[in-house]
Every structure is written in C-alpha cells, then in structure tokens.
Amino acid sequence: MLVANARMYSPAAGAAKAWRDFFAWLAKAADVALDFVEHAPPAPLAELWMRRDLGACFMCGWPLAKRVAKVRPLAAPVMSDPHAQGRAIYWTDFVVRFNSDFGKLEDCFGRRIAYTIKTSHSGYNAPRHHLLRFLDGGRRQLFREVIGPAVTPRGAALAVLEGRADVAPLDAYAHALLRRYDPNIALGLRVIDRSAFAPMPALVASAGLDSRLLTRLTDALIGAAVDHEARSLLARLELKSFAPANSASYDETLAFEREAIEKAYPEIA
C-alpha cells in the first residue's frame, strides 16, 4: 500500500474531500493501492516527501529543484484559471484586505507582510524575487515588519484578514480553491499584484518504486482529462488536466533564488 496526500492544496475541507475522491479514482485507474494519509500542519511537509512508500503527493518545485528528497515527478496539474493559459504553471497573488486602501503593491511598503515558510516557492521565493524590482538606490528594506511563518496559504490569508499583516503572498492555485471552498475567506481578499510564472508543483512518488508502477500512475494522471469520471473530479478541483513533469523544469525556481542572492536581498525585508 502506497500513500497519497494533497495537504499543499487542501486549504479548506471541501478541497481535501475532492482530493480524497480524486486519489480514489487514481488508485483504480492506475491499478495501484493508495491510502490517503493526513499530515496536518504544523508537521513538516519534508517528512512526508522522505517516505519510501510515497505514491502521490504534491511537492513544492523549489525543494524539488534542490533535490531534498528522492522522488520522481508524476505529472503537474493545469489550472482552469485562464491566467494559466492552459499550461502547467502557477504564480503568487499578493493579497490585501478587500476594503483596504492599498491600490498597488508599493502602497504596502513600510507596512507588514506575511509569508508561509521560507522553503516555499510561492510563499517566499517567488515574492522575494518579485520584490527585487523595487530595490532602487540601495534600498534593502521595503516593509516595517515581516510576519511568519504562517505555514500555509490559508494561514497567510488569515494573517491579512485578521489584521496581523497588511499584505501576503498567496499561491494562486490555493487561492482558487479558497474561492470555491471557503468564500468567506476569499471574498475578504483582493489581489494587487502577481509574481512571475513558475512550473506548477507536481504530484511526486518515491523514486525507488517500481518503474512500471510509476508509469501507470503517470499515464492515469495524463489521461484524466479524457476520462468521464475524472473530468468531473478535475472540475471540483478547479483543474483542466495534468501535464507531463520532470525535475529539470523546476530548476527555474533556483534562478529566482540566485537573482535575489546576487542582488543582496536574501530575505524578504
């Protein structure tokens, strides 16, 4: 029995249920026994990625590029959001309270920004890279206070809604799932900027598993878009399909990190 987990993209109970149902379909379609396991925050996701019985689990592209665990990407989801252009990409939304006076990201400078964890691409690496454009004249501190770790996208959203932060980076796919499954949170937020695109986090499996089993999982994921039952499950997950994924494509996240280091902005400040 292998394990499956979608904690990264379960910002609300409805999303978690949709993923549980999707993994049940995947197990049947790939003829692979999958057991949906809980790994609730604040348990580190890295502990999950290290498991040798990992059958299908989301992994952030930045630690994947750093090869922090011996995993093999299976496939990456393609969001239904038109901004994704039908590609397996995502971005970070910078969000503020809906009724705030902030019109653009620069209006938040000198205030408070939240982040999820420092090893997250969407919650730290991508927003840090986006902020580089504002470092003019030797300026290296844009915010009065940096709030975190909020741990999850939901936590970052709540930091803004509860007034502990003025702006926060929010994974665009997690944001889409919040709109669908927790509108009370999503309707309180407003997007004022977006980061650059990056490869969408993939579902990964332990690299040591039988290659034929891994191929069956990948084939089932890629074929989900043309399966009648799976299409309805994808719709519940705000997805169009799954696309092929490979480890090398995530090296792009390392370039985000490298540019921040070169420009003497190693931490959001």
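The values are calculated or read from the model by the stated rules, or taken from the named source; none is laboratory data. Please read all numbers here as calculations on a predicted model, not as lab measurements. Note: ideal-geometry Cβ built from the backbone for every residue, glycine included; neighbour counts use all protein chains shown.
If you check LEU233 against the conditions, is it modelled with pLDDT of 95 or more and over 25 Å from LEU48 (Cα atoms)? No.
Is one or more of the residues making up the stretch 49-58 loosely packed, with under 15 Cβ neighbours inside 10 Å, touching a Leu at 6+ places or on another chain (Cβ under 7 Å) and in the same structural domain as ARG231 (by TED's automatic domain parsing)? Yes, that holds for at least one residue.
Taking the criterion of being surrounded by fewer than 20 Cβ atoms within 10 Å (Cβ to Cβ), closer than 18 Å to ALA12 by Cβ and outside the structural domain of ILE117 (by TED's automatic domain parsing), would at least one residue in the stretch 196-207 satisfy it? So far as the stretch 196-207 goes, no, none of its residues is surrounded by fewer than 20 Cβ atoms within 10 Å (Cβ to Cβ), closer than 18 Å to ALA12 by Cβ and outside the structural domain of ILE117 (by TED's automatic domain parsing). Residues considered: ALA65, ALA43, ALA56, ALA18. Of these, the only one that is within 21 Å of PRO149 (Cβ to Cβ), in contact (Cβ under 8 Å) with a residue 60 or more places away in the chain and small (Gly, Ala, Ser) is ALA65.
Here is a yes/no grid of residues against (1) hydroxyl-bearing (Ser, Thr, Tyr); (2) in contact (Cβ under 8 Å) with a residue 40 or more places away in the chain; (3) under 20 Å from GLY61 (Cβ atoms):
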position: THR116; (1), (2), (3): yes, yes, yes
position: LEU131; (1), (2), (3): no, yes, yes
position: GLN141; (1), (2), (3): no, yes, no
position: ARG144; (1), (2), (3): no, no, no
position: VAL160; (1), (2), (3): no, yes, no
position: LEU170; (1), (2), (3): no, yes, yes
position: PRO183; (1), (2), (3): no, no, no
position: VAL191; (1), (2), (3): no, yes, no
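Looking at the structure I just gave you, is PRO77 at pLDDT 95 or above, within 19 Å of the chain's Cα centre (by Cα), crowded, with 20+ Cβ neighbours inside 10 Å and in a loop (DSSP other than H, G, I, E, B)? Criteria not met by PRO77.
State whether the residues of the stretch 158-177 include one that is more than 13 Å from ILE117 (Cα to Cα), buried (at least 23 other Cβ atoms within 10 Å of the Cβ) and in contact with a Pro (Cβ under 6 Å, 6 or more places away or on another chain). Looking for residues that are more than 13 Å from ILE117 (Cα to Cα), buried (at least 23 other Cβ atoms within 10 Å of the Cβ) and in contact with a Pro (Cβ under 6 Å, 6 or more places away or on another chain), one finds at least one in the stretch 158-177, hence yes. For the stretch 182-269, the helices (runs of 4 or more DSSP H) that sit wholly inside it and include 1 or more residues that are of a type in the set (Gly, Ala, Ser) and over 21 Å from the mean Cα position of the chain (by Cα) are 211-223, 228-236.
Tell me which residues, restricted to the stretch 220-250, are surrounded by 14 or more Cβ atoms within 10 Å (Cβ to Cβ) and not aliphatic (A, V, I, L, M). Passing the criteria: GLY223, ASP227, ARG231, ARG236, GLU238, LYS240, SER241, PHE242, PRO244, SER247, SER249, TYR250.
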